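S.K.: Take this structure first; my questions come after.
The values are calculated or read from the model by the stated rules, or taken from the named source; none is laboratory data. Predicted model, so just to flag it, every value in this text is computed and none were measured. As a convention, Cβ positions derive from the backbone with ideal geometry for all residues, glycine included, and neighbour counts pool all protein chains shown. Heavy atoms of the whole protein, side chains included, go into the accessibility calculation; ligands, DNA and RNA do not. Shrake-Rupley method; radii C 1.70, N 1.55, O 1.52, S 1.80 Å.
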Amino acid sequence: LHTAPAWSAAKIQGANGKVYFAGVGIKGKGDSDINQAADNGEVVAICDIDTKRLDEKANQKDGKFQKAEKFTDFRKIFDNASLLKRIDAFVVGMQAALEAARAAAARKAARADFEARGAAYEACRERT
């Protein structure tokens, strides 16, 4: 039996590229989740209601979040069309009531949606 790489799949633009994340709610579990996302891709936006927390995250010593745009209202992410086109997935760590509103907006934008639920992840992909 002979096996070889799927060269045709490797030629698909973006199929093997970097994943771009937006983090909403970056305290507690959201902090560890967005750090893990940064280890596996690039974080292009971070959002939290606390501006001090946003600045601390953006200026973290490892430099993973320096290029990320900062927001205090997650809805503003969806108002920025050029940024929204770059985001592949959302990492969310916030209250359940707000998660529902944010998830609905992400689904409407037809993006991959990763929500933190306690110690586990639920992943769902919305297709248009």
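S.K.: When segment 14-55 is examined, which residues are found to be touching a Ser or Thr at 6+ places or on another chain (Cβ under 8 Å) and either in a helix (DSSP H, G or I) or open to solvent by 60 Å² or more (accessible area, probe 1.4 Å) (or both)?
M.R.: Matches in segment 14-55: I49, T51, L54.
S.K.: Right, another one. If you check A103 against the conditions, is it open to solvent by less than 20 Å² (accessible area, probe 1.4 Å) and at pLDDT 90 or above?
M.R.: It is false that A103 is open to solvent by less than 20 Å² (accessible area, probe 1.4 Å) and at pLDDT 90 or above.
S.K.: If you don't mind, another one. Kindly check whether there is at least one residue in segment 86-98 that is at pLDDT 65 or above, farther than 15 Å from G30 by Cα and assigned to a helix (DSSP H, G or I).
M.R.: yes
S.K.: What's the total number of residues in segment 56-76 that are assigned to a helix (DSSP H, G or I) and at pLDDT below 90?
M.R.: Residues meeting the conditions: 1.
S.K.: State which residue is nearest to V91 (Cα to Cα) when the search covers only segment 56-80 and only residues that are among the polar types (S, T, N, Q) and open to solvent by 80 Å² or more (accessible area, probe 1.4 Å).
M.R.: Q66
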